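Report on one structure; see the data block that follows.
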């Protein structure tokens, strides 16, 4: 009788599972908050820089505090990225000071879909679309900034952004994001992207040569941003280019041709950093 009474006090298998889930959830929350606190600490390490970001409204201190308490790592990261992007426009030399390479940052990683969402909600938060991804940056911009100063470099970026916006919109594309002299663009039509790339490399703000790279394929769309292997390949192709040169992948060329008054040079197979398989790359120019 006593044994049976004791057994009735033991949790049922269903209750054991529920208890285990609660424990896992509690540990996960603790981990997220610990990581959030560390991320916030790193953002705040440079007290003067942090104060400038708060004073200018780029970073909301109260919001950061709330995010730390909730363990909202993605939210803190978004605040940090927004702050760095605006700071990099106003003070371009900050990227070199922090050893940040714009194209590496622009490729990024997709944000985590909240675990509290059900399978249907998580699936609906992720969309896969076909796009041509274009990256560009200015050769020698860091040296220019050091030589001429942040004020002049910032003015160059302001004019440069306006020119890129006009070219991109004129070809039916959109500016996904930018950091310093680096730009990530997307186009639905491959041929339009190629024409935009050719216009881009004709830009020479303050005598600086622009280089560009592009790739076409399926990308992940989340929270008004694009991610995936196609994005990474496009960035690495851009790394191969020199100022005044446009490089595209064979996949993009095959989607864009035939094109009048455009010449795709013979392609070659290239190994790209962080990409497992070789990629066919060729330069493109106007006739």
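We did not get these values from a lab; they are worked out from the coordinates using the rules stated. On a predicted model such as this, the values are computed, not experimentally measured, just so you know. We place every Cβ from the backbone using ideal geometry, glycine too, and count neighbours over all the protein chains shown.
Annotations
- Ordering of 184-193, 154-163, 269-278 by packing [mean C-beta count within 10 Å, highest first]: 184-193, 154-163, 269-278
- Förster radius 22 Å - calculated FRET efficiency between residue 229 and residue 174 (Cβ-Cβ, nearest 0.05): 0.60
- For the peptides 129-135, 172-178, residues were scored by their other Cβ atoms within 10 Å and the scores averaged per peptide; the highest-first order is 129-135, 172-178.
- Sequence of 45, 199 once ranked by neighbouring C-beta atoms within 10 Å, starting from the fewest: 45, 199
- Nearest-0.05 FRET efficiency for residue 188 and residue 90, computed from C-beta distance (R0 41 Å): 0.80
- The listed peptides 232-241, 253-262, 213-222, 141-150, ordered by packing as a protection proxy, come out as 232-241, 213-222, 141-150, 253-262 (highest mean of other Cβ atoms within 10 Å first).
- q = 0.13 Å⁻¹: log10 I(q)/I(0) that the Debye formula gives for the range 119-286, counting C-alpha atoms only: -0.61
- Distance between modelled label sites at residue 269 and residue 165, nm, 7 Å Cα→Cβ extension: 4.4 nm
- Rounded FRET efficiency, nearest 0.05, which uses the C-beta distance separating residue 47 from residue 148 and R0 of 35 Å: 0.80
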